[in-house]
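The values are calculated or read from the model by the stated rules, or taken from the named source; none is laboratory data. Just so we're clear, the structure is a prediction, and the values are computed from it rather than from any experiment. We place every Cβ from the backbone using ideal geometry, glycine too, and count neighbours over all the protein chains shown. For the accessible areas, the whole protein counts, side chains as well, though only heavy atoms, and no ligand, DNA or RNA atoms are used. Shrake-Rupley method; radii C 1.70, N 1.55, O 1.52, S 1.80 Å.
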Amino acid sequence: MTPVLRPATADDAAQVAELFHRGWHDGHRGHVPDGLTRRRTPGAFRERVELRIAGTDDTTVADVDGVVAGFIMVAGDEVEQVYVDRAFRGSGVADLLLAEAERQVAAAGHSSAWLAVVVGNARARAFYARHGWRDEGDLAYDVVALGEHFTSPCRRYVKDVAPG
């Protein structure tokens, strides 16, 4: 199993959306407002992913023999999404994707990257800390889901990615 990192295409949208939906619920259920959880439907993720892949080139997938094992979405200096399918957790795919996200932020000219992690997602928080990301405190992360606004209780993590 050797993951190949490549830009996401429209052909990847269904796999990315399914992975995003499952992974989001794994890490967020019970840690965000209930109304937000109810609005995070498979269809909502599919629409979001299709728009994102069609409109930008900021989504990178880790492809393992034609299967999307994980993906990242990077926007400016923010690492917006890092998700790995359950079947590939512990395989090094997450490490590879996070390093690629950091590389993309640096290549865009930013000296540091940031990301938001839901307070209760201990697994993700430990992962980022192991990779040198610093917890810089509380972040009330504004989210719109199916037209409704929510605030997700997050922590802001930051990492230097290029000489400042």
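What are the pairs with Cβ atoms under 7 angstrom where one residue, in segment 1-27, is at negative phi and the other, located anywhere, is outside any helix (DSSP H, G or I) and open to solvent by 60 Å² or more (accessible area, probe 1.4 Å)? Sequence gap at least six, or different chains.
P7/D57
Out of everything in segment 123-156 that is among the small types (G, A, S), in a strand (DSSP E or B) and in contact with a strand residue (DSSP E or B) (Cβ under 9 Å, 6 or more places away or on another chain), what residue ends up being surrounded by the most Cβ atoms within 10 Å (Cβ to Cβ)? So that I can check it myself, show each step before the final result.
Restricting attention to segment 123-156, the residues satisfying the condition of being among the small types (G, A, S) are 124, 126, 129, 132, 137, 140, 145, 147, 152.
So of that shortlist, the ones also in a strand (DSSP E or B) come out as 137, 140, 145, 152.
Among the residues that remain, those that are also in contact with a strand residue (DSSP E or B) (Cβ under 9 Å, 6 or more places away or on another chain) are: 137, 140, 152.
On the way: G137: 10, A140: 10, S152: 19.
Per the criteria, the residue is S152.
Taking segment 73-87 only, how many residues are of a type outside the set (D, E) and surrounded by fewer than 19 Cβ atoms within 10 Å (Cβ to Cβ)? Step through it out loud before you land on a result.
Step one: of segment 73-87, the residues of a type outside the set (D, E) are 73-76, 79, 81-84, 86-87.
Checking the rest, the ones that are also surrounded by fewer than 19 Cβ atoms within 10 Å (Cβ to Cβ) come to 75-76, 86-87.
Final tally of qualifying residues: 4.
Any idea how many residues of segment 112-131 are among the small types (G, A, S) and touching a helix residue (DSSP H, G or I) at 6+ places or on another chain (Cβ under 9 Å)?
4
Out of all the residues in segment 28-60, which are open to solvent by less than 30 Å² (accessible area, probe 1.4 Å), among the charged types (D, E, K, R) and in contact (Cβ under 8 Å) with a residue 60 or more places away in the chain?
R40
Quick one: which of G120, G90, G109, G70 is open to solvent by less than 40 Å² (accessible area, probe 1.4 Å), in a loop (DSSP other than H, G, I, E, B) and not basic (K, R)? Steps first, please.
On the way: G90 fails: open to solvent by less than 40 Å² (accessible area, probe 1.4 Å); G109 fails: open to solvent by less than 40 Å² (accessible area, probe 1.4 Å); G70 fails: in a loop (DSSP other than H, G, I, E, B).
Residue meeting the stated conditions: G120.
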